[in-house]
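Contents: one structure, followed by commentary.
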Amino acid sequence: MIQNSLPERIVIFDGVCNLCEFSVNFIYERDLKGKFTFTPAQSPLGQMLLEKYHIHTDTLDTVVLIKHDRAYSRSTAALKIAEELDPPWNVLQVFSWVPRPIRDRIYDLIARNRYEWFGKKESCMIPTKEIKARFLEELPT
């Protein structure tokens, strides 16, 4: 099975979204143990994982966390990521006490407006040298 050759935690993000790029950098800088690996939704690996977990790619407006062969999206993905960040950022997981429909409504509002509020690139994020080692765009061989 392909999952066995993949890292335990993969963050799938919109590679042309400025807010998403900021989020990837935010996670990277607060994940000193290197738990998270990243892939753009537009990459072959991102597309394959989104299809495998039945996440619609035509309007991908969420971060997706694949953790231990399970997919999380929207506010739940963000909170699952937060709980594994270095202190004090892992405290953000306290927002998991907010009922998911309320969290997701706020998440969706930001997601719908992310290009207008934060901008959009013409092509996918090009990772810096430091973060590139934690990027996957193809299945590992």
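The values are calculated or read from the model by the stated rules, or taken from the named source; none is laboratory data. Everything numeric in this text was worked out from a predicted model, so none of it was measured. Note that we place each Cβ from the backbone using ideal geometry, even for glycine, and neighbour counts take in every protein chain shown.
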- [ ] Go through Ile10, Ile27 for me and flag whichever is part of a helix (DSSP H, G or I), out of contact with any Leu (no Cβ under 6 Å at 6 or more places or on another chain) and crowded, with 18+ Cβ neighbours inside 10 Å.
- [x] Ile27
TODO: Just one of (1) in contact (Cβ under 8 Å) with a residue 24 or more places away in the chain; (2) outside any loop (DSSP other than H, G, I, E, B) trips up Lys80, so point out which.
DONE: (1)
Open item on the list: Please pick out the residue among Ile106, Ile81, Ile110 that is at pLDDT 95 or above and among the β-branched types (Val, Ile, Thr).
Closed with: Ile81
